[in-house]
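Written below as structure tokens is the structure these notes are about.
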Amino acid sequence: MTERETENETEHEIDQRHFRDVLGHFPTGVTVVTSSGQEGPVGITIGSFTSVSLDPPLVAWLPTRDSGTWAQIREQGHFCVNVLAHDQDWLSNKMAGTGDDKFAEVEFEEGPTGAPRLKGAVAWLDCEIEAVHEAGDHDIVVGRVKHLEVADSEAPPLIFHRGKYRTVS
Ligand SMILES: Cc1cc2nc3c(=O)[nH]c(=O)nc-3n(C[C@H](O)[C@H](O)[C@H](O)COP(=O)(O)O)c2cc1C
């Protein structure tokens with residue numbers, strides 16, 4: 001794309017594929033946000049997780065407004081952020097699916113808020129929903145951290161970059 005085309009885009013409308021492609025150059029870690037739903041555990045793969053504030057301890061993540069899993073997490077009022085390890089790309093794919101059986105063959109323990117802590121994750125952060133802000137087609141979910149733990153400080157994390165899973169060496 002030429003400089004001129006890029007200028008034209010900002011003057012009019014940003015092409016969604018171009019938006020995704022450019023943003024895909026920013027690497028993220030991969031988390032699964034879980035909660036205890038009405039009919040069993042629920043989970044969703046989230047790359048938009050970030051720390052927000054140290055005092056009070058706040059974190060945030062951004063689900064699409066029409067996510068069924070987010071609606072269930074919101075109802076519960078609490079969630080656990082599971083930071084995935086390098087060998088959990090299968091779990092990321094599973095929790096990014098739309099099936100009802102996301103937790104089939106997934107090992108977990110109940111954390112202190114009741115939300116599942118996934119086995120093999122690098123770290124867990126158990127949170128209560130502090131605030132929800134609308135932002136375009138997504139919500140910004142701010143969570144107050146209640147408990148947090150590193151499960152395996154040696155395990156390399158899972159990274160998502162330009163549409164591929166990677167890790168750090
Ligand atoms: C690596 C990765 C990161 C993702 N990050 C987000 C994210 O930050 N926000 C979001 O809404 N969806 C994200 N997704 C997509 C959701 O996981 C996916 O749409 C999921 O199926 C929604 O679940 P639901 O249909 O049960 O609500 C990501 C998917 C992958 C594979």
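Every number here is computed from the coordinates shown, using simple stated rules; none is lab data. Values in this document were obtained by computation on a predicted structure and should not be read as measured data. Counting neighbours? That spans all protein chains shown, and the Cβs are built from the backbone with ideal geometry, glycine included.
Structure above, values below:
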quantity: Count - residues of segment 152-168 that are over 12 Å from residue 86 (Cβ atoms) and touching a Gly at 6+ places or on another chain (Cβ under 8 Å); calculated: 3
quantity: Counted residues, segment 81-100 - those being out of contact with any Gly (no Cβ under 7 Å at 6 or more places or on another chain) and outside any loop (DSSP other than H, G, I, E, B); calculated: 8
quantity: Which listed residue is under 16 Å from residue 113 (Cβ atoms) and either surrounded by fewer than 12 Cβ atoms within 10 Å (Cβ to Cβ) or within 13 Å of the ligand (Cβ to nearest atom) (or both), from 69, 34, 50, 28; calculated: 34
quantity: Residue under evaluation residue 77, criteria (1) away from the ligand (no atom under 12 Å from the Cβ); (2) at negative phi, criterion not met; calculated: (2)
quantity: Lone unmet requirement of (1) closer than 24 Å to residue 53 by Cα; (2) β-branched (Val, Ile, Thr); (3) more than 15 Å from the ligand (Cβ to nearest atom) for residue 159; calculated: (3)
quantity: Odd one out for residue 22 among (1) surrounded by fewer than 19 Cβ atoms within 10 Å (Cβ to Cβ); (2) closer than 16 Å to residue 158 by Cβ; (3) hydrophobic (A, V, I, L, M, F, W, C); calculated: (2)
